[in-house]
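Here the structure is laid out as structure tokens; the discussion comes afterwards.
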Amino acid sequence: MSTHEDDSATVVADGIEYRCHAKLQSATDRQAVDSFAGRESVDGKVSWGGTLTILGDTVMNDAYAVHEAEVRELRTNGRTATFIPASGGNLGEGVLKITGNYAPPFD
């Protein structure tokens, strides 16, 4: 499991940028596979997600706009990844729970 926290992350939602604080984690599943030596455990799918806290003066409206956007990207650590909203969070306080798509935007 890997964690990442970034006070200067950016969410791009339907082409509009929102500053945010990102608190993220990733995990790699292990899979059992057959090999010539017998059964082995190898790295499988990487999953990631966490919490985004929208920063600024209109956090409730901005969090709602991110939540309802068609296309969402997170830019952190010089990398970009797409995500979807997850259950939980508090849009009124600008807090979104997210689940990432594909590779995480951090190591």
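Throughout, read-outs are computed from the coordinates displayed, never taken from laboratory work. Treat the numbers as computed from the prediction; the structure is a model and nothing was measured. Note that each Cβ is placed from the backbone with ideal geometry, even for glycine, and that neighbours are counted across all protein chains shown.
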Counting alpha carbon pairs within less than 8 Å and at least 6 residues apart, what relative contact order, in whole percent, applies to the chain? 28
For a footprinting-style exposure proxy, rank THR82, THR53 by other Cβ within 10 Å, fewest first. THR82, THR53
Please label the shape of the chain as rounded, prolate or oblate, based on the square roots a ≥ b ≥ c of the eigenvalues of the alpha-carbon gyration tensor (a/c under 1.5 means rounded; beyond that, a/b larger than b/c means prolate, else oblate). prolate
With everything on Cα atoms, drop me the angle between helix 59-68 and the longest principal axis of the chain, reported from 0 to 90° to the nearest 10. 50
Would you calculate the separation in nanometres between label points at THR99 and SER8, each defined as 7 Å from the Cα along the Cα-to-beta-carbon direction? 3.2
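Work out how much length SER87 to ASP107 would gain on full extension: take 0.36 nm times their residue separation and subtract the Cα-Cα distance, in nm to one decimal.
Gain on extension, SER87 to ASP107, equals 4.7 nm.
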Stretch ALA32-ARG19 to full length: gain in nm at 0.36 nm per residue minus the Cα-Cα span? 0.6 nm
So what is the calculated 222 nm ellipticity per residue for the chain, using -39500 (n - 2.57) for each DSSP H run with n of 4 or more, over all residues, to the nearest 500 deg cm²/dmol? -2500 deg cm²/dmol
One finds the C-alpha centres of region 40-107 and region 1-38 to be spaced, in Å, by 9
Using amide H atoms built in the peptide plane, which far-off residues or other-chain residues are under 5 Å from LEU55 H to H? ARG19, CYS20, HIS21
For the residues TYR102, TYR18, TYR64, what sequence is obtained by ranking on other C-beta atoms within 10 Å, fewest first? TYR102, TYR64, TYR18
Can you put ASP107, ASP62 in order, fewest other beta carbons within 10 Å first? ASP107, ASP62
